[in-house]
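Enquirer: Have a look at this one before I ask anything.
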Amino acid sequence: MPPRTCALCSDARAILKRPKTGQQICKECFFYVFETEVHNTITEAQLFKRGDRVAIGASGGKDSTVLAHVMKTLNDRYDYGLELFLLSIDEGITGYRDDSLETVKRNQQQYAMPLKILSYDELYGWTMDAIVSQVGKKNNCTFCGVFRRQALDRGAAILNVDHIVTGHNADDIAETVLMNIMRGDIARLGRCTSICTQGEDTIKRSKPFKYAYEKEIVMYAYFKKLDYFSTECIYSPDAYRGHARVFLKDLEAARPSAIIDIIHSGEAFEVKEDVKATQKIQQTCKRCGYMSSNELCKACTLLEGLERGLPNAVVTDRSRKRLDAQGPAPENLRQIPLFKLPVKLQPKMASAKTTS
Amino acid sequence: MSSLSLKIEFGGGLELLFSNQRSHRVTISAHVPTSTSEAGLTAKERDADAPTKPADLAYLVFWLRDNLLKERAELFVESGTVRPGILVLINDADWELEGEGEYELKNGDEIVFISTLHGG
């Protein structure tokens, strides 16, 4: 096939066919289009304001490395006025996390951003390796996800930031939509396509790469020669998400726009009123103060299960109720320290409302 | 029969399947059997009268699987082509621009395989 010229600048040689649009574009146009689309995602959703301190959830993997690079580029180019930080969570997975953290430390040097690393061990007293040896490889991802979510909030609170950004890309979100449909998880289905999530007691969390294809993120990193760590978590082959991912990749091969289309479908979902009524309302965990759908947040529930030697008994709400029916938990179990939002993010008192 | 010298690069974790080596130099014949069924590569190659075609990328993928891949072929090849989620670059350009598997290889070509199938 003859060499093709870029559809946008009609000048340089095309090096990429965009899955989103089918356009064939050159390297420089690709960089510009990719970065500008993220910029548009950020401005249209009005994610940030001047002076915001923003923590970038950084794992050393492809998405977070590119995210750090792009956030820095856009912050400089468009003068967002943000203070950027790198926040890393060490789950304690030997041979996986310890290597990827080295990449984050290199990123810290390259992008000149302060770095905070928080580990499961210091926060919960359990590494993922220890958890897997207790729980096995079916429910272990539940523990990891729940613990990491809290860990990110806590790390962000320590850094005193206003906002957390993560590198979730379009593929991830489309997979999540499919997973939630496959598992009948209505509550999550209604929430999972939001670009910015915020509870009363949690720090704002956004996904600037929501519409960025994984393929483009990898190509961006390749052509910009960005250094990232690329190995599968050793426990992921057994994760449920794998089914959704394989399915999604096949869908993408047949029709590349499927990924964005699934996200648009997800955004259009509206939960029926009578179903909404059965959903639980948000409360605060009575043990650690984090947000929760029940009296005890999921992380405290899971930790209690681990400490009592009954981790698999607490993974689902149903099994938790059965466990509770057997009697109260013993005293003196290790608990997660009390969670407090930075003062500036705490909900204001009603009496402080002023007219302005 | 002439041969083609190619530079192959693996990234995104794929190198683990290929002796943990990112860069490889390979030489394949310029003309290859037209029908490359997944299991029958070497048998057909021995038949000098079999119809041939210029070596293309689809052939290269099977050649790599049979000659360079050390383990877990299913992580590289699926349903007759590269596993979905693995990006292929030909001389630093998306293989989708060059006809994917049908691209005819030239001497000195550089082919890069990058896996996207890992955490971000």
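The values are calculated or read from the model by the stated rules, or taken from the named source; none is laboratory data. All values reported here derive from a predicted model rather than from experimental measurement. Note: ideal-geometry Cβ built from the backbone for every residue, glycine included; neighbour counts use all protein chains shown. To get the accessible areas, we keep the full protein, side chains included, count just its heavy atoms, and leave off ligands, DNA and RNA. Shrake-Rupley method; radii C 1.70, N 1.55, O 1.52, S 1.80 Å.
Enquirer: Pick out, in residue order, every one of the trypsin sites (Lys or Arg not before Pro) in the range A:1-92 that is DSSP loop and has at most 13 other C-beta atoms within 10 Å; say none if there are none.
Expert: When the trypsin sites (Lys or Arg not before Pro) of the range A:1-92 are filtered for loop state and at most 13 Cβ neighbours within 10 Å, A:49, A:50 remain.
Enquirer: Send over a whole-number figure in Å² for the accessible area per residue of the range B:47-111, probe 1.4 Å.
Expert: 45
Enquirer: Now for a different question. Given C-alpha coordinates of the protein assembly as shown, what is the ratio Rg to Rh with the Kirkwood estimate of Rh?
Expert: 1.01
Enquirer: Relative to the longest principal axis of the C-alpha atoms of chain A, give the angle of the C-alpha long axis of helix A:97-111, reported between 0 and 90° and rounded to the nearest 10°.
Expert: For helix A:97-111, the angle is close to 50 degrees.
Enquirer: Taking only protein heavy atoms and a 1.4 Å probe, what accessible area per residue, in Å², does the range A:98-199 have with all protein chains in place?
Expert: 40
Enquirer: Just list whichever of A:137/A:276; A:49/A:225; B:7/B:70; A:17/A:249; A:20/A:116 have alpha carbons separated by over 28 Å in the model shown.
Expert: Those over the limit are A:137/A:276; A:49/A:225; A:20/A:116.
Enquirer: Which residues of the range B:89-120 show a drop of at least 40 Å² in accessible area when all protein chains are present, compared with their chain alone (probe radius 1.4 Å, heavy atoms only, ligands and nucleic acids excluded)?
Expert: The answer is B:89, B:92, B:94, B:96, B:97, B:98, B:114, B:116, B:117, B:118, B:120.
Enquirer: What is the P(r) of the range A:54-144, as percent of Cα-Cα pairs per 10 Å bin from 0?
Expert: 16, 42, 26, 13, 2
Enquirer: Kindly compute the accessible surface that chains A and B hide from a 1.4 Å probe when together, both sides summed, and give it to the nearest 100 Å².
Expert: 2200
Enquirer: Which longest run of chain A has no exposed loop site in it, a site being GluC sites (Glu not before Pro) in a DSSP loop with at most 14 other beta carbons within 10 Å, and the site itself not part of the run?
Expert: Within chain A, the longest run free of exposed GluC sites (Glu not before Pro) spans A:1-199.
Enquirer: For chain B, what is the calculated [θ] at 222 nm in deg cm²/dmol (nearest 500), taking -39500 (n - 2.57) for each run of four or more DSSP H residues and dividing by its residue count?
Expert: When only DSSP H runs of four or more count, the value is -4000 deg cm²/dmol.
Enquirer: For chain A, what is the percent of antiparallel DSSP beta bridges, rounded to the nearest 5?
Expert: 30
Enquirer: Which angle between 0 and 90 degrees, to the nearest 10, do you get for helix B:57-67 versus the longest principal axis of chain B when only C-alpha atoms count?
Expert: Taking the Cα atoms of chain B, the angle to B:57-67 is about 80 degrees.
Enquirer: Another question, then. Please report Rg (one decimal) and Dmax (integer) in Å for the Cα set of the range A:1-119.
Expert: In Å, with Rg to one decimal and Dmax whole: 17.3, 53.
Enquirer: Right, next: To test your reading of the geometry: what angle, between 0 and 90 degrees and rounded to tens, separates the Cα axis of helix A:214-223 from the longest principal axis of chain A?
Expert: Long axis of A:214-223 versus the principal axis of chain A: about 60 degrees.
Enquirer: Further question on the same structure: Using modelled amide H (1.01 Å from N, peptide plane; none on Pro or chain starts), what sits under 5 Å from the amide H of residue A:5, excluding residues fewer than 5 places away?
Expert: A:14
Enquirer: Follow-up question, since we're still on this one. Once Rh for the range A:91-141 is found with the Kirkwood sum over Cα pairs, what is the Stokes-Einstein diffusion coefficient at 4 °C and 1.567 mPa s, in µm²/s?
Expert: Approximately 105 µm²/s, per Stokes-Einstein.
Enquirer: With the convex hull built on the Cα atoms of the range A:96-213, state its orientation-averaged projected area in nm².
Expert: 8.8
Enquirer: Relative contact order (percent) for chain A, with alpha-carbon contacts under 8 angstrom and 6 or more residues of separation?
Expert: Dividing the mean separation by the residue count of chain A yields 17 percent.
Enquirer: A follow-up question, please. What whole-number distance in Å separates the alpha-carbon centres of the range A:149-164 and the range B:62-106?
Expert: 42
Enquirer: To the nearest 10 square angstrom, what accessible area does residue A:192 show with a 1.4 Å probe?
Expert: That residue has around 20 Å² of solvent-accessible surface.
Enquirer: Shifting gears a bit: Which percent of the accessible heavy-atom area of the protein assembly as shown goes to carbon and sulfur, probe 1.4 angstrom?
Expert: Using a 1.4 Å probe with all protein chains present, the protein assembly as shown comes out at 50 percent carbon and sulfur.
Enquirer: From the helices alone, meaning DSSP H stretches of at least four residues, give me the mean residue ellipticity at 222 nm for chain A, per-run term -39500 (n - 2.57), in deg cm²/dmol to the nearest 500.
Expert: It lands at -14000 deg cm²/dmol.
Enquirer: For the range A:8-94, report the accessible area per residue in Å² (1.4 Å probe, heavy atoms, rounded to an integer).
Expert: Result: 38 Å² per residue.
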